[in-house]
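These notes are about the structure you will find just below.
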Amino acid sequence: MILEVKDLHVPIDGKEIVGGVNLKVNQGEVHVIMGHNGSGKTTLAKTIMGYPKLKPTAGDILVDGQSILALTPDKRAKLGLFLGFQNPVEVEGVGFINFLHSAKEAVSTNVNTKELMADIRADAVGLKMVDNLIGRSLNQGFSGGEKKKAEVLQMGVLRPKIAILDEPDSGLDIDAVKVVAENINAFSKKYNIGLVIITHYSRILNYMDPQFVHVMANGKIVAEGGKEIIEKLEKEGYESFTKQ
Amino acid sequence: MPENENELLGYADEEYKERYGFSDKTEYAYKTEKGLNEDIVREISKIKGEPDWMLEKRLTGYKVFKSKPVPTWGADLSGIDFDDVYYYLKPGGKKEDSWDKVPEDIKKTFDKLGIPEAERKFFAGAEIQYDSEVVYGHVRQELEKQGVIFTDTDSAIKKYPELVKKYFGTVIPPTDNKFAALNTAVFSGGSFIFVPKGVKVTMPLQAYFRINAEKAGQFERTLIIADEGADVTYIEGCLPADELVSRGDTFQRIDTIKKGDAVPTHTGRMQSVNRTFVHPHRGKLLEILPLSKGNGFKLTSEHPVLCIKRNKVIVKRQQRRNWKPEVSTTALLKANAEFVKAADLEEGDFIVYVAPTVISDDSQFDETALKILGLYLAEGSVSANRALRGIKMVSFSFGKSKKEGLLANELNSLIQEKGWKSSICRSKGGYYIVSSYAKELIRLCEDNCGRGAKTKLLSQKLMKLPPGKQKILLDYYWKGDGSVYIRFGKKLMRASTASRFLAYQIQEILARNGIFANLNVRKGSVDTILGRKIKRSDQYIIEYTEGKETGEVRRNGNRFYVPIKQIKTHYFDDLVYNFGVDKDESYLVKGFAVHNCTAPIYMSSSLHSAVVEIIVHKDAQVKYVTIQNWSRNVYNLVTQRAFAYENARMTWIDANIGSRVNMKYPSVYLKGRGASGEILSVAVAGENQIQDSGGKMLHLAPDTTSKIISKSVSKKNGVASYRGQLYIAKNAANVKSTVRCDALLLNKESKTNTYPYMDIQREDATITHEAAVGKIGEEQLFYLMSRGLTEEEALTTVVLGFLDPLTKALPMEYSVELKRLIKLDTTGSVA
């Protein structure tokens, strides 16, 4: 699968938050989008997934050459897109496992419940999610770290073709960042998932090997390249890119 | 007789119309005039043969009803025309209603359920009969020993006049409100329960009396008395209680049938399953054993089965002694098969075995391949050779006779004809063995016939081949596993297999070839021979006589009419399954056609006004559960009240989904020290619906506790209101009370109100009252949809999650049912 974002413009309340972004992601590739708070990263991610309030005023989003702008989020998910939320919402009374089961049935055919349960259990162990997930409501009462891990767990179970992970590292302690990063890598390799990691810390990148790094500022991509960009960022900060 | 398939389908449709396409006028065995006056009240009492004291109560009720105005403090009730209601109907044998009279929204509900129009007419009429006597009857047996009385109120008045006299109207006197008064005047049906001292009824007592046209009435009266230390749960259900249980349709267990699966229907064509049901069933279950006993199946007594009644097709000749009347083949073949309730089946009636007509050829199965597969079915197996690191091989074991040797050699050449390598050898015992490592051969066998003796199964591809091709496969199967007996100069073909499913498949293939084979089961056994335990598994025996139609079975196109040999009645207490099928609404159970069965709740009258009185004596416990799903033209005005004495415990679980206007506030009068009451209330207010519900707690004694939890969902222009009353009397010290009401709004137009009334006469009471209104968040929906759920699914998920604390409190099967109703209800609610 190929995800292409072409000259995308997205306003919120009349103010342009994403202002002409271009991006091309192939299945299996690892991309990183870095940028400080408010640079438009989350808006970009949510627009790609189809958040109804975010309506592009120009540009297009394509999957395998076909525009997906008219598709609702569920249809985009069924194409193989996934969004790991920065702030996963809590849904009262909806069992986490039940929900994952419904989601899996929605995006794939022939779901074997037993295998699915075994996968969830194994993935939860891999992610060092201590508490038993059975009987817990979707994200309700999850700690910040658990919520982030649960997003990665969902990615591992739903096996999308391209996943955008919005700050999978924020609010995690050092050990947890490592665990999350390693699991993201493993899922990506095992299921050939293309990744777009959105972050403003380079910490998580110590454990990852992105081929493409994009720097975003004021709704635009201001720099692109390989891993070397991260080092430059580390040394000189975002300022050095926005000045150019 | 129709010859080709198309004609046959048309023929089936005709028959279908005939069965369901009626539109009769209402005919009642007894009906009072519209409207209400004293004479009608007297008449009702007279018809029922009631004693004078009951008539007196009715007349008091009538007077109060007349004197009280329609209450105006709650929902708008001005739409009720009391003069336009039949207050007593006793339906006769004929069905009610024409399809045109059915309100639009009901038709839509039927649409959502995917029920074809013809069938809707059937269900919309008064023919939805649930024989409550079955339920009552069974429970009575179980409980009589414990002294528990469980019967309908009409019978109770005659059989237990002292008890009824003592308690009737003491909890809810006719003077209580206009509708309780009306109920007192005209009530009919309802349940009467008496649980004696110390008796704990472990199973919930349930009544489906509402579906029964006669006992349902619009004004039923329920009275429950739990004597000291007793414990009982009562469930008032509006559930379709008539589901099927069986283990096979196209040889798949019915509980594993999923939405979207394709199944053959009574027409022989394939249709997909559009919904599945599961329900608890406690009571009678019928086992229908046709001539071919291996095809026996079980179902509930309401389940319609495609059938030709024997008495319609008998010859007009005098009956011979001890013989069943003889059947005229001409009449049988001319007769139209109809769907008949299982309860109405009799031994000797003909049920219909349908050979599926779906054909899809596949060129990979040439004559040679089919012959090989036939022999594989009989003699072959695939195993992994350990010595050769798990390399798979297929082997066929034949007997040691010369004939078997020839067959083995034929197989060997067949395999080589396909260009695969194989070898033939004789074992030490002299048995002929053909084996091969050819991957293509192994794949052919495994993919299409399975591996071991018990798990052999024909692939869907094989099952759909043209009958002629299937016959080749079968002939070679017969060569391997079968035996041929000559009886009366005719060939009796017989084969046996340990695979039950394979047996049904072979039967089906034979049927497609115009042969009805009998299926019988030889039970497995464990024998000890020379000190060794030999275990024999069940063997399924398929047999037919060549050139002769088996016994009394008659063939009509792709249908076989098979007589019922025996009908057994079983007691059953478990879940039963059923599913809906596109267009035909029927499916095949072990080859036999049955109809899907579901009964939406429909009432032609617009007023339902029941009264439920409960007395919970010292230390006793009662739990009363209602799932209300009346159609959207009903004013549901029900008075429910319980008296709880010392240390007694009363729980109301009240789920309101249906009706146009619902006003219902179950209440508990905490009359003895230490009594406690709990009300869990769920309301879903959809388009044009008003759900005005809640509860009342009256603390009339010290140390009493109460809890009300109410959750409501409003959508479109629906209005859900919580109306609660909390009263704490002067003498009621140390009262604890919790009230929590949460509301969820799905649209901008939907509304919710909270009306808490409190009258607290004590300083020392501990009272908490919380109320919260939530709106479905766009973020929540987006999150769920980003995982692949459609907007409707996401909405349903949020609603069910919100109601989860209450649905969890229901017995499992009821929570499943409630969730199903809510799901159906949220469809189409997305703006």
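No lab work stands behind these numbers, since they all come straight from the coordinates. All values derive from a computational prediction rather than experimental measurement. As a convention, Cβ positions derive from the backbone with ideal geometry for all residues, glycine included, and neighbour counts pool all protein chains shown.
Numbers at a glance
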quantity	calculated
Convex hull volume per residue in cubic angstrom - Cα atoms of segment A:2-243	121
Spacing of the two label points (7 Å from each Cα toward its C-beta) at B:SER78 and A:THR109, in nm	5.7
Phi-based couplings in Hz for segment B:758-769 (Karplus 6.51, -1.76, 1.60; Gly and Pro marked x)	10, 9, 10, 9, 10, 8, 8, 6, 9, 10, 10, 9
Rounded if a/c under 1.5, otherwise prolate or oblate - segment B:364-451, Cα gyration tensor axes	oblate
Rounded to 5, the percent of DSSP beta bridges in segment A:2-243 classed as antiparallel	55
Amide H partners (placed H, <5 Å) of A:ILE17, local residues excluded	A:VAL10, A:ILE12
Nitroxide proxy distance, nm - points 7 Å out along Cα→Cβ at B:LYS490 and B:GLU326	1.7
FRET efficiency, A:LYS15 to B:LYS716 (Cβ-Cβ, R0 35 Å, nearest 0.05)	0.55
J(HN,Hα) series, segment B:790-802, from Karplus relation 6.51 cos²θ - 1.76 cosθ + 1.60, nearest Hz, glycine and proline x	6, 4, 5, 4, 4, 4, 4, 4, 5, 5, 5, x, 4
Shielding by partners, peptide B:800-809 (average Cβ within 10 angstrom, other chains)	3
5 angstrom amide H check on B:ASN633, placed H, neighbours 5+ away	B:ARG660
Debye log10 I(q)/I(0) at q = 0.20 Å⁻¹ for segment B:605-763, Cα point scatterers	-1.13
Potential lengthening between B:LYS748 and B:ASN409 on full extension [0.36 nm per residue; Cα-Cα distance subtracted]	114.1 nm
Segment B:291-447 - convex hull of alpha carbons, volume per residue in Å³	238
Cα centroid separation, segment A:185-244 to segment B:47-85 (Å)	77
Spatial separation of Cα centroids for segment A:43-117 and segment B:696-744, in angstrom	41
Gyration tensor (alpha-carbon) shape descriptor, segment B:604-692, a/c threshold 1.5	prolate
Global form of segment B:400-490, assessed from the alpha-carbon gyration tensor, a/c cut-off 1.5	oblate
Under-5 Å amide H pairs with B:VAL625, H placed in peptide plane, nonlocal only	B:TYR234, B:ILE235, B:GLU236, B:ILE653
Average beta-carbon neighbours from other chains, 10 Å sphere, peptide A:47-59	2
Cβ-based exposure ranking for B:TRP53, B:TRP73, B:TRP652, B:TRP478, in which fewest neighbours within 10 Å come first	B:TRP73, B:TRP53, B:TRP478, B:TRP652
Cβ-based net charge around A:ILE162, under 12 Å, with every Lys or Arg adding one and every Asp or Glu removing one	+1
Positive-end extreme of charge dipole, segment B:364-451 - chosen from B:ILE415, B:SER397, B:LEU373 (charges on Cβ)	B:SER397
Shielding by other protein chains, A:66-77, mean Cβ within 10 Å	3
Simple label model, 7 Å out from Cα along Cβ direction - A:LYS24 to A:LEU62, nm	0.9
